[in-house]
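One structure below.
Please treat every number below as a calculation from the coordinates, not as lab data. Not measured: the values here are computed from a predicted model. Neighbour counts run over all protein chains shown; Cβ positions are idealised from the backbone, glycine included.
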Amino acid sequence: MTLADGRVSPANLTPQAAAIAIRGAGEKLQVCLIKKKDSRKWGIPKGIVDPGQTHGATALNGAWEEAGLKGRANC
């Protein structure tokens, strides 16, 4: 459902969680971006929060499934 001003109603939003995967620090800081096979756009690993899951667990799972990354969540 779209609101009168064109925004999507919060009731129709699907909860998602994303991982902004980094390593290093300062000038050596690296950020992981992914590109899906069927798109030319870059993004970050994310996933839909399933019932009973935390946002942190969903973000870690998305990072593993979409980019093969392992790590810890700081949220």
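Taking every alpha-carbon pair under 8 Å whose residues sit at least 6 apart, the chain reaches a relative contact order of 27 percent. The 3J(HN,Hα) values that the Karplus relation (6.51, -1.76, 1.60; θ = phi - 60°) gives for the range 41-50 are, in residue order, 8, 9, x, 10, x, 8, x, 7, 6, 7 Hz. Gly and Pro appear as x. Each label point was placed 7 Å from the Cα along the Cα-to-Cβ direction; for Gln53 and Ala67 their separation is 1.7 nm. Computed over the Cα atoms of the chain, the ratio of the radius of gyration to the Kirkwood radius (Rg/Rh) comes to 1.07. Helix content alone sets the calculated 222 nm mean residue ellipticity of the chain: runs of n ≥ 4 DSSP H residues at -39500 (n - 2.57) each, divided across all residues, give -5500 deg cm²/dmol. A full extension of the chain between Ala11 and Arg23 corresponds to an added length of 0.7 nm, given 0.36 nm per residue minus the alpha carbon distance.
May I ask for the net charge around Ser39, where only other residues with Cβ less than 15 Å from the Cβ of Ser39 are counted and Lys, Arg are +1 while Asp, Glu are -1? Overall, the nearby charge balance is +4. Electrostatic tally near Ile48: other residues with Cβ closer than 14 Å to its Cβ, Lys and Arg +1, Asp and Glu -1, net -2.
Out of residues 5 or more away from Gln16 or on other chains, whose amide H comes under 5 Å of its own, with H placed 1.01 Å from N in the peptide plane? Here Val49 satisfy the definition.
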